[in-house]
1. Sorted by average packing, counted as other Cβ atoms within 10 angstrom per residue and highest first, what order do 92-99, 77-84 take?
2. Taking 0.36 nm per residue of sequence separation and subtracting the Cα-Cα distance, how much length would be gained by fully extending the chain between residue 223 and residue 28, in nm to one decimal?
3. At a 10 Å Cβ-Cβ cut-off, how would you order 41, 242, 115, fewest neighbours first?
4. Can you work out the base-10 log of I(q)/I(0) for segment 199-279 at q = 0.20 1/Å, using the Debye formula on its C-alpha atoms alone?
5. By count of other Cβ within 10 Å, fewest leading, how are 89, 8 ordered?
6. By counting other Cβ atoms within 10 Å of each Cβ, how are 50, 195 ranked from fewest to most?
7. To one decimal place, what Kirkwood hydrodynamic radius in Å is obtained for segment 175-232 from all pairs of distinct Cα atoms?
């Protein structure tokens, strides 16, 4: 099922462009902890569309793989996210499934069910090197993003390597995923990259870790710029539904519900249902 731009994407992109008071676009990311069944939510920062391709309809943010788990031990995890754009009084609530990509083989597992469901095929690979997203414009955004977000390891499941032989020509290969990791890593400022060399988030603050943090702050830790890449992950948000609310400065407003149709409902292209509802 070929991927095409979802009807909510152009509106979302315009919302990002119309809200420029902050150098980055924060949002809330929520999941259920598989261990204790408790909700977990945190503020992260929108990085880009996967492969810098809006037609994937997949949003991404960057994370430290050593951070405390949000999603348990499954490679694809249900989530809900909420964006609010204060300048234009707009809100987006998105639900779907998420997965992680990285250069860490132990943590880089992409289930084939995700690849098939969201049409992640080779047509996207040409977008890898197109550069920064429209919503990323300077190094200040990179640094602010890393300071306000923490990332997850979404565990193990079927690997994207386990596909039927006849499908391999159409599937994104490991090389393509690594290219996307490299693209987003290279978009970070030097100081943002250094954050992935810090002691593991949540680890005890000792004399040793304090010294390491001090050296990182002063830029004298003696590490190479790419040290820390093994801790860098990209969390990919595959969207199944969007609840869009535009309050129009308090003057009535409008609200739209977008739902991604299942493969059983449409066979030619990825399709979405749209419905206007009361705000």
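1. Ranking the peptides 92-99, 77-84 by packing returns 92-99, 77-84.
2. 67.0 nm
3. Lowest to highest Cβ neighbour count: 41, 115, 242.
4. At q = 0.20 Å⁻¹ the computed log10 ratios are -0.98.
5. So the residues, fewest neighbours to most, are 89, 8.
6. With the fewest neighbours first, 50, 195 line up as 195, 50.
7. Evaluated over segment 175-232, this radius sits at 12.4 Å.
Read-outs throughout are calculated quantities, based only on the coordinates presented, and are distinct from any laboratory measurement. Keep in mind that this is a model prediction, so the values were computed, not measured. All Cβ positions, glycine included, derive from the backbone under ideal geometry; neighbour counts span all protein chains shown.
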